[in-house]
Amino acid sequence: MSVVGLHGGVWYGSAAEAALRHADLLVGSARQHDDLGDAGLAGEPVELWGRIDELVELCSARAAAGARVCVLASGDPGFFGIVRALAARLGPDALDVHPAPSSVALAFARVGIPWDDAVVATCHGRPVAWAAEIVVRHPKVAVLVSPDSPPETLGRAVVDVGGRERDVWVCSRLGEAGEAVTRTNLPGLSAGTFDPLSVVVLIMPGGGVAPAAATAWGRDQAEFAHRAGLITKAEVRAVALGKLSLPGSGVLWDVGAGSGSVAVEVARLVPGLGVFAVERQPEACAQIRANARGTSVTVIEGNAPPALAGLPDPDRAFVGGGGIDVLDAVLERLRPGGVAVATYAVLASAIAAAERLGSLVQLQVSRGAPIGVDGRLRLLAENPVFMVWGSP
C-alpha cells in the first residue's frame with residue numbers, strides 16, 4: 001500500500017508519481033481529489049477522510065484482494081499524519097511512503113528562518129492550551145492549528161498562560177494556489193481572523209531564550225481556590241506526584257478532584273499529558289475551572305464510577321475521594337503498566353486499597369505557627385493521611 005504526500009496536487013519524486021499512476025484505488029479527501037483533477041490519474045477515486053477505522057478497513061480489504069491502493073495525504077504523512085494510524089493497524093512493512101515537504105518545513109522556508117532548533121506542537125486532537133504551554137516554554141515554536149482551534153484561538157490561549165512578546169507568522173494553505181503568509185504579533189494574532197488551514201510560527205524577538213518554567217510541585221494551597229480546606233495539602237500532593245512517576249505523554253485521571261490541585265499541577269509539570277479532573281460537586285467544579293485556567297485540564301462533573309465511562313483509559317490515576325468501589329472502577333480501566341495513587345483518612349480503607357496496589361505509607365505533617373510575639377514557633381499537626389500506590 002502506498003501513501004503519497006501532496007501540496008496543492010503536486011507530488012515529489014518519480015517514485016511518488018509511479019505510485020499514483022499505477023494505483024487502482026486513490027483514497028483521500030475531497031480537496032485532495034480536486035487538486036489532482038487534471039493529473040490524468042486512472043485510479044478509482046474514493047473520498048474517505050477523517051474516519052480512520054473505515055479508511056483502514058477499506059484499504060486493507062482492497063489490498064488483500066490484489067488492488068494497488070494509494071492513500072493521499074498532505075505534506076509529510078509521517079509527521080503528525082496518517083502513517084501513524086496505518087502503521088499501528090497494518091504494520092510498517094505494509095506501507096510504501098512517499099512524503100512531500102512537511103507544512104512546518106514549508107512555513108519556516110517561507111519565513112526564511114532555520115528550524116533545526118524549533119519545537120513543534122499540534123492542535124489536532126489536543127487542547128489548544130497544551131500548544132500554548134509549549135509556546136511559552138520555548139523561544140521558537142511552530143503550531144499546527146485546526147478548524148476547532150484556529151490561529152486566533154491559539155493567540156488568546158498563549159496570552160492566557162502568560163505569553164508576551166512574540167514575532168508571529170501565520171502561514172496558510174502552503175503549497176497551494178491560495179497560499180498566504182501574514183506577519184503579526186501576539187495581540188494581532190489574538191484579535192485577527194485567519195485561515196484554520198495554517199501553521200503558526202512564534203519566535204521570541206531577536207531569537208531570545210524563553211524564560212525557564214519553574215519545575216516546582218507541592219505548591220502552597222493558598223494558590224488554589226478551594227472550599228473549607230477541602231484540598232490535597234501541599235506536602236501530601238508533592239509525595240503523590242512523586243509516586244505517580246509521571247510519563248511525558250498519555251492520560252491522567254484525578255478522581256474526586258476537589259479543588260483540582262493535583263490535576264492542575266500535573267498539567268503544568270507535563271503539558272504532554274491529557275488530564276481529566278472528575279468531581280461531583282458543581283461548586284468544586286467551578287473552582288477547578290478557575291484553578292486550571294491556562295492549562296489543558298478537562299473537568300468532568302459527575303459521580304464516580306459512572307462519570308468515568310466516557311473517558312479515555314488512564315496511564316496514571318490519582319484517587320482523592322470515594323470509597324474502594326471507586327478505586328476498583330479506576331483500576332479496571334488502568335492501562336497495562338499504569339500507576340495509581342490513592343489517599344484515605346481511614347486506615348481500614350487504606351489497608352483494603354493496599355491489598356490491591358501493594359504500598360502504603362502514613363503521612364503526618366506539622367506546620368510551624370507563631371507563638372507569642374517574639375518570633376518563636378510551635379508545631380501544629382495536620383490530620384494524618386494514608387497514601388497507597390502501585391500497579392495492580
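Structure data summary
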quantity: Where a residue in the stretch 266-293 is crowded, with 19+ Cβ neighbours inside 10 Å and its partner, wherever it lies, is hydrophobic (A, V, I, L, M, F, W, C) and modelled with pLDDT under 85, with Cβ under 6 Å and at least six apart; calculated: P271/W130; Q287/A225; N291/F224; N291/A225
quantity: Qualifying residue in the stretch 81-100 (condition: in a loop (DSSP other than H, G, I, E, B), outside the structural domain of L174 (by TED's automatic domain parsing) and either over 30 Å from C171 (Cβ atoms) or modelled with pLDDT under 90 (or both)); calculated: yes
quantity: Any hit, the stretch 20-29, residues being in contact with a Lys or Arg (Cβ under 7 Å, 6 or more places away or on another chain), outside any helix (DSSP H, G or I) and surrounded by fewer than 16 Cβ atoms within 10 Å (Cβ to Cβ); calculated: yes
quantity: Unique residue being aliphatic (A, V, I, L, M), within 16 Å of H7 (Cβ to Cβ), at pLDDT 95 or above and in the same structural domain as P114 (by TED's automatic domain parsing) when the list is V170, V199, V145; calculated: V199
quantity: Qualifying residue in the stretch 135-155 (condition: crowded, with 17+ Cβ neighbours inside 10 Å, more than 22 Å from L25 (Cβ to Cβ), among the hydrophobic types (A, V, I, L, M, F, W, C) and out of contact with any strand residue (DSSP E or B) (no Cβ under 8 Å at 6 or more places or on another chain)); calculated: yes
quantity: Residue within the stretch 64-85 that is in contact (Cβ under 8 Å) with a residue 24 or more places away in the chain, among the aromatic types (F, W, Y) and surrounded by 18 or more Cβ atoms within 10 Å (Cβ to Cβ) present; calculated: yes
quantity: Residue in the stretch 379-390 that is closer than 18 Å to G256 by Cβ, buried (at least 16 other Cβ atoms within 10 Å of the Cβ) and not hydrophobic (A, V, I, L, M, F, W, C) present; calculated: no
quantity: Test set (1) of a type outside the set (D, E); (2) surrounded by fewer than 23 Cβ atoms within 10 Å (Cβ to Cβ); (3) closer than 18 Å to F79 by Cβ; (4) touching a Lys or Arg at 6+ places or on another chain (Cβ under 6 Å) - C171 fails condition number; calculated: (2)
quantity: Complete set of residues in the stretch 339-377 that are small (G, A, S), within 19 Å of R237 (Cα to Cα) and assigned to a loop (DSSP other than H, G, I, E, B); calculated: A345
quantity: Subset of the stretch 160-179 [of a type outside the set (A, V, I, L, M) and not in a loop (DSSP other than H, G, I, E, B)]; calculated: D160, D167, W169, C171, S172
quantity: Count - residues of the stretch 238-255 that are surrounded by fewer than 24 Cβ atoms within 10 Å (Cβ to Cβ), outside any strand (DSSP E or B) and modelled with pLDDT of 85 or more; calculated: 9
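The values are calculated or read from the model by the stated rules, or taken from the named source; none is laboratory data. On a predicted model such as this, the values are computed, not experimentally measured, just so you know. Every residue, glycine as well, gets a Cβ built from its backbone with ideal geometry; the counts of neighbours run over all protein chains shown.
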